[in-house]
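So the structure is just underneath, and the comments pick up after that.
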Amino acid sequence: MHHFYLSPDRLWSKTYSLLLIPSLLMFQILLSACFSDNITQNSNQSEVARQHYLTAKEQFNSSELNAALTNINKAITLQRNYYYYYLRQRIYKNLMLWERCAKDGETLIQLEPGYYESYLLTADCNQQTGRYREAINAYSWFVSEQGLRRADLFFKRGISYSLLGEVERAISDWEYACELDTSYCNLSDRLNK
């Protein structure tokens with residue numbers, strides 16, 4: 001005959017488990033009852049924000065920029081989301097509100113550091129506001145750190161160098177932009193006139 005015997009340690013762990021499970025279930029029930037309204041409210045708020053975003057995106061694509069700005073502002077008020085900020089940044093750019101464009105870019109980079117399209121747009125907006133060194137640093141980051149060899153980056157960086165009076169660097173960038181894409185070859189000549 002075989003007798004089954006639980007050691008005191010195993011007996012304690014089984015008893016503890018049996019007592020803990022109902023307590024955890026009760027805690028989960030209480031939490032869900034307390035926070036279900038908040039979860040539902042946040043879910044509804046998120047959905048309303050998304051609807052404002054989608055409307056703003058449609059309006060942006062149809063060049064209804066002021067209406068798009070109104071809707072995207074509502075979306076951002078309801079929910080901070082990098083897609084929302086990026087759309088607003090693009091709206092600001094098209095409205096030529098360069099300071100706001102650059103500011104949203106800085107916010108967006110904090111929210112989503114890997115969203116590189118915003119880095120480029122922020123660099124363009126900084127260039128438009130006269131923050132040429134910041135624009136140069138951003139364009140240079142793409143060239144050196146990301147290995148991008150795009151004619152537009154070199155051309156834009158050349159513009160910033162030129163506006164800072166660093167003509168040799170500007171010409172070097174413009175010549176390289178021309179090597180990458182011949183459509184940039186005559187643009188620097190027009191800028192020098």
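The values are calculated or read from the model by the stated rules, or taken from the named source; none is laboratory data. None of these values were measured; they are calculated from a predicted model. Heads up, the Cβs are rebuilt from the backbone with ideal geometry, glycines too, and the neighbour counts pull from every protein chain shown. For accessibility, only protein heavy atoms count, side chains too; no ligands or nucleic acids. Shrake-Rupley method; radii C 1.70, N 1.55, O 1.52, S 1.80 Å.
Among the residues of the range 80-93, is there at least one that is open to solvent by 60 Å² or more (accessible area, probe 1.4 Å) and in contact with a Ser or Thr (Cβ under 9 Å, 6 or more places away or on another chain)?
Here is the first cut: in the range 80-93, the ones open to solvent by 60 Å² or more (accessible area, probe 1.4 Å) are 80, 82-83, 90, 93.
So of that shortlist, the ones also in contact with a Ser or Thr (Cβ under 9 Å, 6 or more places away or on another chain) come out as 80, 82.
Yes, the range 80-93 contains a residue that is open to solvent by 60 Å² or more (accessible area, probe 1.4 Å) and in contact with a Ser or Thr (Cβ under 9 Å, 6 or more places away or on another chain).
Please find, within the range 108-151, the residue that is surrounded by the fewest Cβ atoms within 10 Å (Cβ to Cβ) out of those that are part of a loop (DSSP other than H, G, I, E, B) and at pLDDT 85 or above.
In this case the residue turns out to be G130.
Taking (1) surrounded by fewer than 19 Cβ atoms within 10 Å (Cβ to Cβ); (2) touching a helix residue (DSSP H, G or I) at 6+ places or on another chain (Cβ under 8 Å); (3) at pLDDT 95 or above; (4) not hydrophobic (A, V, I, L, M, F, W, C) in turn, E168 satisfies each apart from (2).
Under the condition of being open to solvent by 40 Å² or more (accessible area, probe 1.4 Å) and modelled with pLDDT under 95, the residues counted in the range 94-107 number 2. Restricting the range 52-76 to residues that are in a helix (DSSP H, G or I) and either of a type in the set (S, T, Y) or modelled with pLDDT under 95 (or both) leaves a set whose member that is most open to solvent (accessible area, probe 1.4 Å) is T70.
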